[in-house]
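Note sheet for the following structure.
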Amino acid sequence: MNARACDGSAGDVDYAAVGGGYAAYRQPDPRIAARIHAALGTARTVVNVGAGAGSYEATPLDVTAVEPSASMRARRPAGRSPAVDAVAEQLPFPDDSFDAAMTTFSVHQWSDPAAGLCEMRRVARGPVVVLTCDPALVRDFWRYAYAAEVLDAEARRHSEIAQLTAALGGRATVERVPIPLDCCDGFNEAYYGRPERLLGHGARQACSAWSFADDATRARFAAALRRDLEDGSWGARHGALRQQPFLEGSLVLLRAVPD
Ligand SMILES: C[S@@+](CC[C@H](N)C(=O)[O-])C[C@H]1O[C@@H](n2cnc3c(N)ncnc32)[C@H](O)[C@@H]1O
């Protein structure tokens, strides 16, 4: 298991160092939220593992949040119940404690995703719902031409979808989640049709993939993208994306129920 950083961060990212602007750029998107809540079905009690600042914990769910990073726990909106300080790989709950379990944009950071998913299966009576990215699709994005090493690293961080569904067992479904053009959750592909946003350091910093890139990579990316936006070459290649309402990218939703 990863050693925990000084703020408790347990995955491959130290949120005390990079989490400062997270909540400003990573708001839950209502269209993605609707898919998550449909997958949770009639569940009332839900454990949200790797809860971060609490995205996608909509009422009327009775949510128990689990979050190892103190920096992220501190960013939970006022009025939410405090998150439990624990890691996915060792959930401090008895078997079958919740109607369902969910995790969003987190499983790729865990030191042992299979162990964490087994724990989610153990503590949930019903569906386990996982919003994540398919590593086989991560590179199919124009940004690959500008920062291949960032997306290569991102593809390596994500487990193959078949490994995740095998860890969950039972009956599993996997669906692609269309990414809206005005997506308010600023993960990697959310800016597919708004490339100027990726020129901003804050927007990039809110995607943990960038925390593995060095300053030279970031500077090279920004300079090349700025040049191509100014001379029209980005627009010539990808300009249609500015009007494309959704992108079928690498975002997927896994749902597994017990046999
Ligand atoms: C990209 S953030 C996602 C937060 C939130 N779920 C969201 O959708 O905005 C990833 C979160 O996973 C948490 N995390 C990393 N490793 C973890 C582990 N082993 N167990 C539980 N959570 C972990 C991080 O601390 C971080 O808050």
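Only helices enter the 222 nm calculation for the chain: every DSSP H run of n ≥ 4 contributes -39,500 (n - 2.57), and dividing by all residues gives -8000 deg cm²/dmol, rounded to 500. Computed from Cα atoms, the angle from the helix 148-157 axis to the main principal axis of the chain rounds to 10 degrees. Can you give the FRET efficiency to the nearest 0.05 for Arg122 and Glu149, using r as the Cβ-Cβ distance and R₀ = 41 Å? Calculated transfer efficiency: 0.65. Using every pair of separate Cα atoms, the Kirkwood estimate puts the hydrodynamic radius of the stretch 85-201 at 15.8 angstrom. In the chain, the longest principal axis of the Cα atoms and the axis of helix 215-230 are about 60 degrees apart.
Once the C-beta distance of Ala3 and Arg176 is scaled by a Förster radius of 30 Å, the resulting FRET efficiency is 0.30 to the nearest 0.05.
Stretching Ala34 away from Trp142 to a fully extended chain increases their span by 36.2 nm, per 0.36 nm per residue minus the current alpha-carbon distance. Counting every alpha-carbon pair across the chain, the share separated by more than 26 Å comes to 38%.
Kirkwood hydrodynamic radius of the stretch 1-99, from the reciprocal of the average inverse Cα-Cα distance over all distinct pairs: 14.2 Å. Of the candidates Gly126, Gly11, Gly20, which one comes out as most mobile in a Gaussian network treatment of the chain with C-alpha springs shorter than 10 Å? Among Gly126, Gly11, Gly20, the largest mean-square fluctuation in the Gaussian network model of the chain belongs to Gly20. Axis of helix 30-40 versus longest Cα principal axis of the chain: the two differ by about 30°, to the nearest ten degrees.
For q values of 0.14 Å⁻¹, compute log₁₀ I(q)/I(0) with the Debye formula on a Cα-only model of the stretch 124-259, without solvent. These q points yield log10 I(q)/I(0) values of -0.68. Among Glu230, Glu189, the ranking by other beta carbons within 10 Å of each residue's beta carbon, starting with the fewest, stands as Glu230, Glu189. For a paramagnetic label modelled on Thr42 (point 7 Å from Cα along Cα→Cβ), amide N atoms under 17 Å away belong, within the stretch 98-122, to 98-101. Cβ crowding within 10 Å, taken as a proxy for footprinting-reagent exposure, orders Val47, Val84 from fewest neighbours to most as Val84, Val47.
Over all other residues within a Cβ to Cβ distance under 12 Å of Pro178, the charged ones net out to -1, with Lys and Arg as +1 and Asp and Glu as -1.
Values quoted throughout were computed directly from the atomic coordinates according to the rules given, and no laboratory measurement underlies them. Note that the coordinates shown come from a computational prediction; the quantities given were computed from them, not determined experimentally. Every residue, glycine as well, gets a Cβ built from its backbone with ideal geometry; the counts of neighbours run over all protein chains shown.
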